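The values are calculated or read from the model by the stated rules, or taken from the named source; none is laboratory data. As the structure is a prediction and not an experimental result, all values here were calculated from the model. When we count neighbours, we look across all protein chains shown, and the Cβ atoms used for this are built from the backbone with ideal geometry, even at glycine.
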Amino acid sequence: MKRNYSLQTTRKEEDLVRAAGRDLSISAKQAIELCAYIRNKPVEWAKARLENTLKKQEAIPFKRFTNGAGHKRGIGPGKYPEKTARQFLKLLNTLEANAQNKGLSSRLIIIHACAQRASRPMRYGRKRGIAMKRAHVELAAEELIEKKPGQEKQKKKQAQEKQQEEKEVKAKPEQKQKQASEKQAPEKKPKEKKEQEKAKKIKEKDAQKNNQKRGSK
């Protein structure tokens, strides 16, 4: 059955691995907090943290739904959502299995983690009249690529070179306009020089006439 995922990305489907749990009997609030906790983290790291929560060795920080969450040292409000952690561990294992099926490496990073509230039918028996807690969970991961120490510098240099090339391309039409204006300018300069020379000659003649008049007096 084809599923509609909430993930919208331009990455190739060949490089992506997905896993989804529908109508899981877990709290939607706890699932949302766990998704925020493991998002953009490696799968191995997430599995280790969830296993520690099952052993009550490490609490999950709750930042949104903090009602009833006790203070944990170095974390703040946190809980040990065991039931939710078990379901997330199953989904992470399916992610790894899907990666092996696609021929990808087991070193994955979670790029998408989303939890949504599912339908809540009423319980039956002694708990009748109480709505069930259920949630949908979606996970997506891709291969973890290690960044080399000089890789970032190379990217910066390439970006700077591209910017310089773009500036040069933009500057070319401006240079052409300047050259065209310079070509037109020499035609006007001789006329201006002639006018200036005439004005100088007229001033010199006037000065000579004034000197002659003073000498005659």
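Answer yes or no: is there a residue in segment 151-161 that is modelled with pLDDT of 65 or more and more than 33 Å from the chain's Cα centre (by Cα).
The answer is no, given that none of the residues of segment 151-161 is modelled with pLDDT of 65 or more and more than 33 Å from the chain's Cα centre (by Cα).
Between Arg22, Arg11, which is exposed (fewer than 14 other Cβ atoms within 10 Å of the Cβ), assigned to a strand (DSSP E or B) and not hydroxyl-bearing (Ser, Thr, Tyr)?
On inspection, the qualifying residue turns out to be Arg22.
Modelled with pLDDT under 80, acidic (Asp, Glu) and closer than 30 Å to Glu13 by Cα: which single residue out of Glu174, Glu146 fits that description?
After ruling out the rest, the residue left standing is Glu146.
Give the residue that is nearest to Ala28 (Cα to Cα), with candidates limited to residues of segment 69-79 that are under 31 Å from the mean Cα position of the chain (by Cα) and surrounded by 13 or more Cβ atoms within 10 Å (Cβ to Cβ).
That would be Lys79.
Given the criterion surrounded by fewer than 19 Cβ atoms within 10 Å (Cβ to Cβ), out of contact with any helix residue (DSSP H, G or I) (no Cβ under 7 Å at 6 or more places or on another chain) and outside any helix (DSSP H, G or I), identify the matching residue among Thr66, Thr94.
Answer to the selection: Thr66.
Given the conditions (1) within 15 Å of Cys114 (Cα to Cα); (2) hydrophobic (A, V, I, L, M, F, W, C); (3) touching a Phe, Trp or Tyr at 6+ places or on another chain (Cβ under 6 Å), and given that Ile60 satisfies all but one, which numbered condition is not satisfied?
(1)
Considering only residues that are in a loop (DSSP other than H, G, I, E, B) and more than 19 Å from Arg22 (Cα to Cα), which ones fall in segment 69-91?
The answer is Ala69, Arg73, Gly74, Ile75, Tyr80.
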